[in-house]
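Take a look at the structure set out below.
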Amino acid sequence: ICCLFFASSETSPNCSISQVRPLPIAEIPFANVYTPSSSDYVTFTGKKVISTNNRILNAGEFTFKLEAIGGAPVPASLTAKNLANGSFSFAPIEFTAAGEYKYVITEDATNKIGGFTYDDARYEITVTVTDANAALTAEITRFVKVKGASETAVTDIVRWHRHAKLFH
């Protein structure tokens, strides 16, 4: 709150101060809205590998699920299916605010194909988004494969493309 002071002189015309009292001024709020000038994107991709030479991998046979933890931004679809070469990719995730965002990727074993043992690994990924001069930059800062009680850091991260590659 700001105050102006009102001075009056009742005794002298040359402005000697005989009474000073503050006059309150109403607060004038200026509400600024901050929006970064650019967003950034991350795409999670992977590859389904089957360990036999007797079986050809067909497109769309395997499904992978993406789970966003704690309100993290999500892509257009939370599932991805393999292509004939085994690769799969989730749609890009757009980040519009700085922060730390966590994700888990798993293979969906709901509709199992006979003869396959499904991989029960979980890939835990943390994306850290920083804001420098209103430009956001997303970087994968944690990427681990969790299988049972063991946790292994995944080092095959292509940072310059801002992609996380999973080999499943």
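Give me the accessible area per residue for the stretch 44-151, probe 1.4 Å, as a whole number in Å².
Heavy-atom SASA per residue in the stretch 44-151 reads 54 Å².
Give me the extension gain from Glu100 to Phe116: residue separation times 0.36 nm, minus the current Cα-Cα distance, reported in nm with one decimal.
Numbers: separation 16, 0.36 × 16 = 5.76 nm, distance 3.59 nm.
Working it through step by step, the gained length comes to 2.2 nm.
If packing is taken as the mean number of other Cβ atoms within 10 Å per residue, what is the order of 113-120, 74-81, highest first?
Descending mean neighbour count gives 74-81, 113-120.
Using amide H atoms built in the peptide plane, which far-off residues or other-chain residues are under 5 Å from Ala72 H to H?
Here Lys102 satisfy the definition.
At a Förster radius of 45 Å, what calculated FRET efficiency corresponds to the Cβ-Cβ distance of Ser38 and Ser150, to the nearest 0.05?
For R0 = 45 Å, the calculated efficiency reads 0.70.
What's the carbon and sulfur percent of the stretch 61-128's accessible surface, probe 1.4 angstrom, rounded to a whole number?
51
Taking loop as defined by DSSP and a crowding limit of 12 other beta carbons within 10 Å, which trypsin sites (Lys or Arg not before Pro) in the stretch 44-74 fit?
Values: sites: Lys47, Lys48, Arg55, Lys65; in loops: Lys48, Arg55.
Sparse-neighbourhood loop trypsin sites (Lys or Arg not before Pro): Arg55.
The values are calculated or read from the model by the stated rules, or taken from the named source; none is laboratory data. Values in this document were obtained by computation on a predicted structure and should not be read as measured data. FYI the Cβ positions are ideal-geometry reconstructions off the backbone, even for glycines, and counts take in every protein chain you see. Calculation scope for accessible area: heavy atoms of the full protein, side chains included, ligands and nucleic acids excluded. Shrake-Rupley method; radii C 1.70, N 1.55, O 1.52, S 1.80 Å.
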